[in-house]
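The values are calculated or read from the model by the stated rules, or taken from the named source; none is laboratory data. Values in this document were obtained by computation on a predicted structure and should not be read as measured data. Backbone-built Cβ (ideal geometry, glycine too); neighbour counts: all protein chains shown.
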Amino acid sequence: MSAPIAPMIIRGEVITDHLIEIGGRGGDLRFHTPDAHRYLDRLPLRDPARLADQYRLRFDDILDYTDELASRLEFSKNHHLQEACELSYATAPTTPPLVKSQYMGLARMLDRRSIREAAEQSIGIDYLEGWVRKTLNDGRDAEIRCFGARTLHIVAGNSPGLSLLTIIRNMILRSDALIKAPSNDPFTAAAIARTMIDMAPDHPLTRHISVAYWRGGDEEFEAKLYKPQNFEKIVAWGGFASIKHVTQYIQPGLELISLDPKRSVSILGAETFSCPERMREAALRLACDMGAHNQQGCVNARVVYAVSGTDEAGLNQLNQFGEHVYAALQSLPTSISTPAKRYDPELAAHLRSLRLEDEWYRVIGGEEGEGAVIVSQLPDPVSFAASLNDRTANLIPVDSLDEVMNAVDASTQTVGIYPENLKDELKDRLPLHGAQRIVSLGYAIALNWALPQDSIEPMRRMGKWIVNEICSPERIPGPWQRPNID
């Protein structure tokens, strides 16, 4: 079978010419895509005045468009999505049931009330619709409006929903987006853009979405593209190396909004172990936070601190709890978690080594690549905690919550907590150490994009906040009216 094509989309035009062959990440799938070098001059919106067509739209017009797009993105009716999904089985880091489940959920992201809520919560619709006038203490009036920007989006490939989220944010802001498709998801953004073209080829929202693939790290290409003449913002998702690479192009006039890699932890209070019912409930919730999306997200729990105590009785309780977590992990619906697509061989080697150290670690499961629970018998994480993946977590016994604080830092994104009342003790402490999101255990992946992310408000940052100041000498003396200083 010939290699499939990941088309390039440039503002309403589907391009399949000048194809080159690309090796998929991990060698899973080779695909063809237009040579981005040949389209370098067309990828950025050279004339920013062309954004004006979107400002003839009311916010309700945008919502009407997203309503129609939602109906077009129903998976059972959309051959673009069906083809992209089938091809993504080979490129995605997760298994086919998880990939298909995420594709089938794309249309729900376009819920009208949710989009309105996100716009109001993150920006304020009045600031998107026109100038909001305020009178300041010094007597001047100020009109403030949020404008869209020419933005390059370097999206991650661990979920097809990220491509649609990027497009939604772009429409809300009336921006112009160039989406760099990732090698492990080169098909989703283009499939959505092609649906938009089929639906409304000449609509301004359709005409301000472009999608292209090029090899990350192609410095000859990127040095010409990543310039303030072409873009005002770069929104970058990705690992340490890719974010570090992008920073070399940042200069005055080109802002980086970095959604860089994070780690997440869970905290279990002493009440967790007060009765068998609580232990089983917490185990199921933790299994969900740990196993959902096969632990491919920053939000997934990997290291878990449990106030079980470090004496013999406490360790026995935690070991029993680990068995409950492992059992719950195996029972999760295949729509949210399955055994890993390809269990990390280095991680498997670590588990084999730990089994020989049963005085210090209890390893539950992990022999068939189905995921594992490592229960430390000392109050320390395993040495490879940063590499935990593929439904593998480390439970760590502690005697008090104070011992947990040093494990939280600026790279800690989500902290799942059980029981709920424990949050009152922790919600003012954890942020001081760097935690960015505090959530009820079991709800780590139940994200709401109207809320801040990574301790910033990405959509607010993606907009350009412009001020028009109205000053009159009658209300605020002009600088020229100040007395001379002898």
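Looking only at residues of region 77-130 that are under 29 Å from S455 (Cβ atoms) and of a type in the set (K, R), we find that the one that is surrounded by the most Cβ atoms within 10 Å (Cβ to Cβ) is R116.
The condition (being charged (D, E, K, R) and surrounded by 15 or more Cβ atoms within 10 Å (Cβ to Cβ)) is satisfied by just one residue among R437, R475: R437. Would you be able to say whether some residue in region 7-22 is modelled with pLDDT under 95, assigned by TED's automatic domain parsing to the domain that holds E220 and in contact with a Lys or Arg (Cβ under 8 Å, 6 or more places away or on another chain)? Scanning region 7-22 turns up at least one residue that is modelled with pLDDT under 95, assigned by TED's automatic domain parsing to the domain that holds E220 and in contact with a Lys or Arg (Cβ under 8 Å, 6 or more places away or on another chain).
Can you pull out the residues in region 39-63 that are under 28 Å from the mean Cα position of the chain (by Cα), part of a helix (DSSP H, G or I) and under 18 Å from I167 (Cβ atoms)? Once the filter is applied, which keeps residues that are under 28 Å from the mean Cα position of the chain (by Cα), part of a helix (DSSP H, G or I) and under 18 Å from I167 (Cβ atoms), region 39-63 yields L51, Q54, F59, D61, I62, L63. Restricting attention to region 64-86 and to residues that are among the charged types (D, E, K, R) and part of a helix (DSSP H, G or I), the residue that is nearest to P96 (Cα to Cα) turns out to be E86. The residues listed here are L178, L225, L162; of these, the one that is more than 16 Å from Y39 (Cβ to Cβ) and either in contact with a Cys (Cβ under 9 Å, 6 or more places away or on another chain) or not small (G, A, S) (or both) is L162. Within region 462-482, identify whether any single residue is without any contact (Cβ under 8 Å) to a residue 12 or more places away in the chain, over 24 Å from S122 (Cβ atoms) and of a type in the set (D, E, K, R), and answer yes or no. Yes, region 462-482 contains a residue that is without any contact (Cβ under 8 Å) to a residue 12 or more places away in the chain, over 24 Å from S122 (Cβ atoms) and of a type in the set (D, E, K, R). Being at pLDDT 95 or above and either assigned to a helix (DSSP H, G or I) or of a type in the set (D, E, K, R) (or both) is a property that does not hold for V265.
Residues that are within 21 Å of the chain's Cα centre (by Cα), assigned to a loop (DSSP other than H, G, I, E, B) and either at pLDDT 95 or above or crowded, with 19+ Cβ neighbours inside 10 Å (or both) do not occur anywhere in region 415-433. The residues listed here are F231, F240; of these, the one that is surrounded by fewer than 17 Cβ atoms within 10 Å (Cβ to Cβ) and either under 17 Å from the mean Cα position of the chain (by Cα) or closer than 30 Å to D60 by Cβ (or both) is F240.
Can you pull out the helices (runs of 4 or more DSSP H) entirely within region 113-222 that have at least 1 residues that are under 18 Å from L69 (Cα atoms) and under 21 Å from the mean Cα position of the chain (by Cα)?
Working: elements: 125-129, 161-173, 188-199.
Once the helices (runs of 4 or more DSSP H) in region 113-222 are filtered for at least 1 residues that are under 18 Å from L69 (Cα atoms) and under 21 Å from the mean Cα position of the chain (by Cα), what remains is 161-173, 188-199.
Going through region 223-253 one residue at a time, which ones are assigned to a helix (DSSP H, G or I) and free of Cβ contacts under 8 Å to residues at least 12 places away in the same chain? Listed by number, the residues that qualify are A241, K244, T247. Looking only at region 64-75, decide whether some residue is without any contact (Cβ under 8 Å) to a residue 12 or more places away in the chain, surrounded by fewer than 14 Cβ atoms within 10 Å (Cβ to Cβ) and more than 28 Å from G253 (Cα to Cα). Yes. Looking only at residues of region 196-230 that are aliphatic (A, V, I, L, M) and out of contact with any strand residue (DSSP E or B) (no Cβ under 8 Å at 6 or more places or on another chain), we find that the one that is farthest from L173 (Cα to Cα) is A223.
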